[in-house]
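Rule-based calculations on the coordinates, nothing more; no lab input. Just so it is clear, the model here is predicted, and its values are computed rather than measured. All Cβ positions, glycine included, derive from the backbone under ideal geometry; neighbour counts span all protein chains shown.
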Amino acid sequence: MTSIPRDQWYVAAYGAEIGHDLFTRTVCGESILFWRTRDGAVTAVPDRCVHRRFPLSQAPSRLVDDQVVCGYHGFTYDAGGRCVAVPGQSRIPRTARLLPYPVVEQDSFVWVFIGDRAKAEASRIPRAPWLVSPDHTTVAGMEPLRARYSLLVDNLLDLSHETYLHGGYIGTPEVAATPITTAVDEQAGIVHVSRHIDDAECPPFYAKSTGLRGRIARWQDIEYTPPCLYLLHSRIAPVGSVPGPDGADPDAFHVEVVYAITPETEHSTHDFWCVARDFALGDEEVSTFLAESNRTVVLQDVEALNVLEQVIATEPAGCQELSINIDTGGLAARRLLQRLCAAS
Amino acid sequence: MTAPSGDRVVRVHWVQGTDRLRAVCHCSAEREFEDPVEMWEWLLGHPVGHAS
């Protein structure tokens, strides 16, 4: 059985990556061709000509107005995947059609539905509104990961690794030392993991971006909606500061860290990351610092998980792992993912 | 941030000052564990062993 749930929405790209040009990305083992039509809509179809399977993203395939022309024999498809021209004959075979993928552009992401198109309900796509909010400034990127997506899920659900893998960047001793609270909403299919540190060293990532010095209160509240969207609500404040009963939190700095975890294949992953802040809005220096710092942290994870993938992929079956309290959230996420896989 | 709510929320608290986990099922059954794998098996096993 595959470990990648089907009948699910996945982030395929940032909207900014797709223009009026051919763009390809593999999602859940399926090569998909994207382009933005002249009316601004993103279209997604299989990146294979129905004739001889030539990739439609491969030159000399090309986009002519809103139609893609296969560079091998000239089969031509419209934005809905319908074949409108074949070489040398007027009859177009009835089966000459690329079945379009359901696509939704939302919160700066391009989501595609992988699986039975009849089950594609756009209302099921989890939201990340900060990424396009005028009240936030966002930096973002995407790193290719040569590891199965479940390793990134494990990594992000247990932030105690920050202390060891990201020391000097976002990790401080208090992260690993502070107990977590975990909740699973069985109906919504969401894992929540919270770690509220009342008195912690301020890591450089936050000291340099917020200007806070010395000890801080640091809250980490994770919401993971399997399989793809991970939110980390990060709150940084002076020690002793807490939100008011009405939710007002003027002394705190809030950072919404968003990951889209999209399997490319069974053994590789697109690691989309975004950092949205509610302070220093529009400050280019802070944006550059946060972008560079977060990318460094993401690459530290990528390097570690690439190695781990090689270890796991070459180990004999039946090797045991050990779980302790810090893994409570990760184990919950695995359970929800197994449920999604079984359902698909 | 959306706080978990609803009829089928299970919660796991790391008991302060200890290495133990207290699992609370949506049916209100509670139990403490030292092993998170064993804990999830119990929570998942609802309603088996959840009678108070």
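Residues considered: A:PRO227, A:PRO204, A:PRO316. Largest GNM mean-square fluctuation over chain A, using C-alpha springs under 10 Å, is found at A:PRO316. In this simple spin-label model, placing a label point 7 Å from the Cα along the Cα-to-Cβ direction at both B:ALA3 and A:ARG38 gives a separation of 5.3 nm. Amide H contacts for A:ALA85 (H built 1.01 Å from N in the peptide plane; partners 5 or more residues away or on another chain; cut-off under 5 Å): A:THR76.
Using alpha carbon centroids, what distance separates chain B and segment A:1-68, in Å? Each part reduced to its Cα centre gives a spacing of 43 Å. Seen from every direction in turn and averaged, the convex hull around the alpha carbons of segment A:133-343 projects onto 12.5 nm².
In whole percents, the pair-distance distribution calculated for segment A:204-308 from its alpha-carbon pairs, binned every 5 Å from zero, is 2, 10, 18, 21, 19, 13, 9, 4, 2, 0.
What number, in nm² with one decimal, is the all-direction average of the projected area of the convex hull of the alpha-carbon atoms of segment A:8-123? Walk me through the numbers on the way to the answer.
On the way: hull surface 29.2 nm².
Directional mean of the projected Cα hull area for segment A:8-123 stands at 7.3 nm².
Determine, from the Cβ-Cβ distance of A:ARG97 and A:SER123 and an R0 of 22 Å, the FRET efficiency 1/(1 + (r/R0)^6), rounded to the nearest 0.05. Walk me through the intermediate numbers first.
Details: r = 27 Å, r/R0 = 1.24.
In this case the efficiency is close to 0.20.
What number results when the radius of gyration of segment A:285-344, computed over Cα atoms, is divided by 2.2 N^0.38 Å? Write out the running numbers ahead of the final one.
Details: Rg = 16.6 Å, N = 60, 2.2 N^0.38 = 10.4 Å.
Compared with the compact-globule rule of thumb, segment A:285-344 sits at 1.59.
Taking 0.36 nm per residue of sequence separation and removing the Cα-Cα distance, the A:TYR169/A:ARG52 pair yields an extension gain of 37.1 nm. Global dimensions of the protein assembly as shown from alpha-carbon coordinates: Rg and Dmax equal 23.2, 78 Å. The simple spin-label model puts a point 7 Å past each Cα toward its Cβ; for A:THR2 and A:GLU292 those points are separated by 4.1 nm.
Got the relative contact order for chain A handy, in percent, Cα pairs under 8 Å and 6 or more residues apart?
Numbers: 702 pairs, mean separation 64.7, N = 344.
Reported as a whole number, the value is 19 percent.
Using only Cα atoms, what is the ratio of the radius of gyration of segment A:116-182 to 2.2 N^0.38 Å?
1.54
So if the hydrodynamic radius of segment A:50-183 is defined as the Kirkwood radius over C-alpha pairs, what does Stokes-Einstein give as its diffusion coefficient at 10 °C and 1.306 mPa s, in µm² per second?
Values: Rh = 19.8 Å.
The calculation lands on 80 µm²/s.
Around the Cα centre of segment A:125-257, unit charges on the Cβ atoms of Lys, Arg, Asp and Glu (plus for the first two, minus for the last two) sum to a dipole of about 420 debye. You can think of it this way: the chain between A:ASP116 and A:VAL132 has 2.8 nm of extra reach, that is 0.36 nm per residue less the Cα-Cα gap.
Once you have a ≥ b ≥ c as the square roots of the Cα gyration tensor eigenvalues for chain B, tell me rounded if a/c is under 1.5, and otherwise prolate or oblate according to whether a/b is larger than b/c. Intermediate results must be reported in sequence, preceding the final value.
Working: a/c = 1.90, a/b = 1.09, b/c = 1.74.
It comes out oblate by the Cα gyration axes.
So how far apart, in nm, are the two label points at B:VAL24 and A:THR314 if each is 7 Å from Cα heading toward Cβ? Using points 7 Å along Cα→Cβ, the separation is 4.7 nm.
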